[in-house]
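The values are calculated or read from the model by the stated rules, or taken from the named source; none is laboratory data. Computed from a predicted model, the values in this text were never measured in an experiment. All Cβ positions, even for glycine, are placed from backbone atoms using ideal geometry, and neighbour counts span all protein chains on display.
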Amino acid sequence: MDRTDRTADRRALAIGWAVLLATVTTGCVSMPSGGAPQRLEAPQNAADGLQVHVYPVAPRKGESPRDLLAGFLDSSNADQANYDTAKQYLTAAAAKSWKPDAGVVVLAGAPSPSGPTPSDDDVTVRLTVEGKQVAALDEQHTYQAHSGESYQRAFTFVKESDGPDKGEWRISDLPDGLIVDQTNFKNTYKPVHRYFFARTDASAARPQGAQVLVPDPIYLRRRIDPLTEAAQATVDGPSHWLGPVVTSKLGGVRVESAAIGDNRVATVKLQGGDPAACKQMAQQLFQTLADQQSKLDRLDLSVNGAACSLSSAEAALVAPGALAGADNGVQAFIQLEDGRLTRYLPEVTEPLPVPGVLGQAPQAGQFHPGTVAVRRDAAVAAVIGADGRDLVETELTEGGKYGEPVVSSRSTQPGRGLASPSWDGRQDLWLVDRDPAGPRVLMVRGRTVVPVQVEGLDGRTVQSLRISSDGTRIALLLSQGGGPTRLVLGLVEHGGTAEAPTARITALRDIAPQLSEVAAVSWGDTDQLVVLGKETDRLQQLHFLGTDGSQSTDSPLQGGESMTALSATEARPPADPTSPSGPAVLTSSENGLYRLKDNQWHEVPSKSAAKAFIYPG
């Protein structure tokens, strides 16, 4: 039997076991990958409902190095907790030194081995695995998108001279971690979220950063005790990237067990840690386990003999998105061409003007609104003038007036002044001044204007931004020398005092390397960005990206070349935060306003000429 037949035979055997198991388990209840808060409405990955297990196949006598390499790669990605079968492809020394949990390399297609075919007299041979890398997981299970750069790693094989495998080829030297293609990655791994408290901003007049949880997305193997693995990953602490802006009450803790019963009650047993922090530990673990269950009613936690319980209502008080505005956060607005701001009601064809000056058409010589950002409580709006020179604020109440300019730009060039005002959940306003003579990012707290240091720009300038409701992460659109606009995500670190606050944006990372140009971005959930952008030589499309850069859907949605802006929201109605029908994506185009519902674009009818859709934030 030649190499091709052997490889095909091995794969057929593994698939045969998988199909048999799938047949036996038909009707079993699967755990959805999404949890509270519900993900933005978008088609889910097909692998989410898989019940197929992949069993590893041991090496056979007389297999060539090339066959062994294929078998090793298959077995190392099978559903086996300790990789015992994969280690049978290695020499005894290599099996002891190999670190499979060091990370995962994700290739665009199946790994392609290359190298010489050994002669009968050879006792060692070196093969190379090659491919295009599209992603990676580090040792903390954190995903990092790659742009398809070339990947190449060497495997050394030796012919065993003694022992039970005498005369057989085995791998003696190999890279740590795993290598997998995109298809097997989706089948083998699932997105999970661990949660940590946002650090308190000591410079805020009313510090509330520690009162909301921030999601930290990771990927874990689907069928290797996912509940305990997810709980332990949370205990292990945040990713290297997110760590500077979050805290955890689970330090020094080990997970003994984690389970969810048919009564929708989670039970977790911990060793170590401070029993006095039991409730806060439960808050973190509740959200993590809720990602594994469509609805979780309570979590019972045992810590070193002490115990506490946390209800879903208690968990909601600090849940991700708790600062996103609740009912106010899902109230959409339409800005008309004449500058007026109106409330959008799907059942009404003529929008209702907001109370106050912003709901009135400006007269000749008066301040003319340009870009508008509604605060997350829907009580105040920040307004940049149509010429981009000044930013003012106004209350959305009867009698509300424009105040004196809070920020002014020195730029007199069209499109080069103030832009993209964005509110976090602490009522801080963020915006960009695109003045070519002095570009800057600003935070406005009350009437205090704070220049924000942005680290790692490397000659690029910030064109627009969107801040998360918890205030820890910020999406930036950057360009260099008038070139294409690219998307990065940064961390927000606060300092100073209440009288003299400071802020800086650090740890910029490219989360959409596959996109050659990005037109617009918005937060669609606490862990998800909605991005209007295009890949090289392709039309503009709508992409749903996790904050780690992973695709939240199997494929992007057609966005249309005429679409220029979009708006989404992290907020979910408190009455039913797990409703599968979340707020729609709203877009503006040259042809009018559109709403994405059930993965279809629906034009929004209006008797008045409309300019933009706006969600609070």
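Looking only at segment 373-401, residues that are out of contact with any Gly (no Cβ under 9 Å at 6 or more places or on another chain) and surrounded by 19 or more Cβ atoms within 10 Å (Cβ to Cβ) come to 1 in all.
The set of residues in segment 358-372 being aliphatic (A, V, I, L, M), part of a loop (DSSP other than H, G, I, E, B) and in contact with a Gly (Cβ under 8 Å, 6 or more places away or on another chain) consists of 361 alone.
Does segment 60-91 hold any residues that are part of a loop (DSSP other than H, G, I, E, B) and either within 19 Å of residue 120 (Cβ to Cβ) or touching a strand residue (DSSP E or B) at 6+ places or on another chain (Cβ under 8 Å) (or both), and which are they? If the condition is that a residue be part of a loop (DSSP other than H, G, I, E, B) and either within 19 Å of residue 120 (Cβ to Cβ) or touching a strand residue (DSSP E or B) at 6+ places or on another chain (Cβ under 8 Å) (or both), then 60, 61, 62, 63, 64, 77, 79, 89, 91 are the ones that fit. Being in the same structural domain as residue 270 (by TED's automatic domain parsing) and either out of contact with any Ser or Thr (no Cβ under 7 Å at 6 or more places or on another chain) or over 30 Å from residue 411 (Cβ atoms) (or both) is a description that applies to residue 306. Of all the criteria given as (1) under 24 Å from residue 517 (Cα atoms); (2) assigned to a strand (DSSP E or B), the one not satisfied by residue 495 is (1).
For segment 470-490, the criterion of being in a strand (DSSP E or B), touching a residue at least 60 places away in the same chain (Cβ under 8 Å), buried (at least 19 other Cβ atoms within 10 Å of the Cβ) and in contact with a helix residue (DSSP H, G or I) (Cβ under 8 Å, 6 or more places away or on another chain) is satisfied by at least one residue.
Rundown of residues vs (1) modelled with pLDDT under 80; (2) more than 23 Å from residue 176 (Cα to Cα); (3) over 35 Å from the mean Cα position of the chain (by Cα), yes/no style:
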position: 37; (1), (2), (3): yes, yes, no
position: 59; (1), (2), (3): no, no, yes
position: 66; (1), (2), (3): no, no, yes
position: 78; (1), (2), (3): no, no, no
position: 91; (1), (2), (3): no, no, yes
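Test each condition in (1) under 27 Å from residue 271 (Cβ atoms); (2) assigned to a helix (DSSP H, G or I); (3) of a type in the set (A, V, I, L, M, F, W, C) for residue 185 and report the one that comes out false. Failed condition: (1).
So that you can scan it fast, the table gives a plain yes or no per residue for (1) surrounded by fewer than 19 Cβ atoms within 10 Å (Cβ to Cβ); (2) in contact (Cβ under 8 Å) with a residue 12 or more places away in the chain; (3) within 30 Å of residue 230 (Cβ to Cβ):
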{"site": "63", "(1), (2), (3)": "no, yes, no"}
{"site": "106", "(1), (2), (3)": "no, yes, yes"}
{"site": "123", "(1), (2), (3)": "yes, yes, no"}
{"site": "142", "(1), (2), (3)": "no, yes, yes"}
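Confirm whether residue 548 is assigned by TED's automatic domain parsing to the domain that holds residue 477, assigned to a loop (DSSP other than H, G, I, E, B), among the charged types (D, E, K, R) and modelled with pLDDT of 90 or more. Spelling it out, residue 548 is indeed assigned by TED's automatic domain parsing to the domain that holds residue 477, assigned to a loop (DSSP other than H, G, I, E, B), among the charged types (D, E, K, R) and modelled with pLDDT of 90 or more. When restricted to residues that are without any contact (Cβ under 8 Å) to a residue 60 or more places away in the chain and in a strand (DSSP E or B), segment 409-443 contains 11. Among the residues making up segment 343-390, those that are acidic (Asp, Glu) and in contact (Cβ under 8 Å) with a residue 60 or more places away in the chain are 350, 377.
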